[in-house]
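One structure is given below, encoded as structure tokens.
The values are calculated or read from the model by the stated rules, or taken from the named source; none is laboratory data. Keep in mind it's a predicted model, so treat the numbers as computed, not measured. Here the Cβ is made from the backbone with ideal geometry for all residues, glycine too, and neighbour counts use every protein chain on show. Just so you know, the surface numbers come from the protein's heavy atoms only, side chains and all, with ligands and any DNA or RNA stripped out. Shrake-Rupley method; radii C 1.70, N 1.55, O 1.52, S 1.80 Å.
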Amino acid sequence: MGRRDSATIETLDGAVARLAVRRGSWLVGRGPEADLRLYSDRVSPRHAWLRRDARGTWVSDAGSRAGTLVNGEPLAPRQARLLRTGDRVTFGSISAVYTDALPADGEPPVFAETAPGRGPARLAGLVLGPLLIVAGFGLGAWRVLRHVGAVGLWPGVVLFALGIAVTAVSVALAGRPQ
């Protein structure tokens, strides 16, 4: 599995600038607040945004004068487009190439993976487990408050323990790659 924490965008044609794109938002432009600063009159001070999340890196034009293109296709202002390794992004007159640490097939995050037919069962376990915990705790607390002997606590203790077990198994299955 590839690393998901960063990617790079690097300019071409002699205008050397490089940005390590990690999670969060990154401003591209020629203004002093830009994270990827490009020195060209055709690049607006606040030209475009790069945003990285669990699904990948997105680019959107910030309402620039000259526009932003991905592989020669112009983006509408504030339209986000998912970038793939090798995409050529043009900010005004400056072109850059995007490289992602993700595999080329766009491997999804671990929590998005589910085996066929097992997704709903995992979700049910993640919902049922905490409900059993709350029910067991509530039943046990109710019995204690009613001053019932230790024998009356067992249904609550059993529900509570069962809830913890179901939750633990569901969380382990949800995080396990297939």
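Observations
- Residues in the range 86-103 that are without any contact (Cβ under 8 Å) to a residue 24 or more places away in the chain and polar (S, T, N, Q): THR90 only.
- For LEU27: the one exception among (1) within 18 Å of THR8 (Cβ to Cβ); (2) in a loop (DSSP other than H, G, I, E, B): (2)
- Test: residue in the range 107-116 that is at pLDDT 65 or above and open to solvent by less than 40 Å² (accessible area, probe 1.4 Å): no
- Matching entry among LEU12, LEU27, LEU38, LEU50 (being over 26 Å from the mean Cα position of the chain (by Cα), modelled with pLDDT of 85 or more and closer than 22 Å to SER93 by Cα): LEU38
- Of all residues in the range 16-41, those that are in contact (Cβ under 8 Å) with a residue 12 or more places away in the chain have Cβ atoms under 9 Å from Cβ atoms of residues that are exposed (fewer than 12 other Cβ atoms within 10 Å of the Cβ) and part of a loop (DSSP other than H, G, I, E, B), 6 or more apart or on another chain, in ALA17/TYR39; ARG22/ASP5; ARG23/ASP5; ARG23/ALA54; LEU27/GLU33; ARG30/TYR39; ARG30/ASP41.
- When the range 46-63 is filtered for residues that are without any contact (Cβ under 8 Å) to a residue 40 or more places away in the chain and more than 15 Å from TRP26 (Cβ to Cβ), only GLY63 remains.
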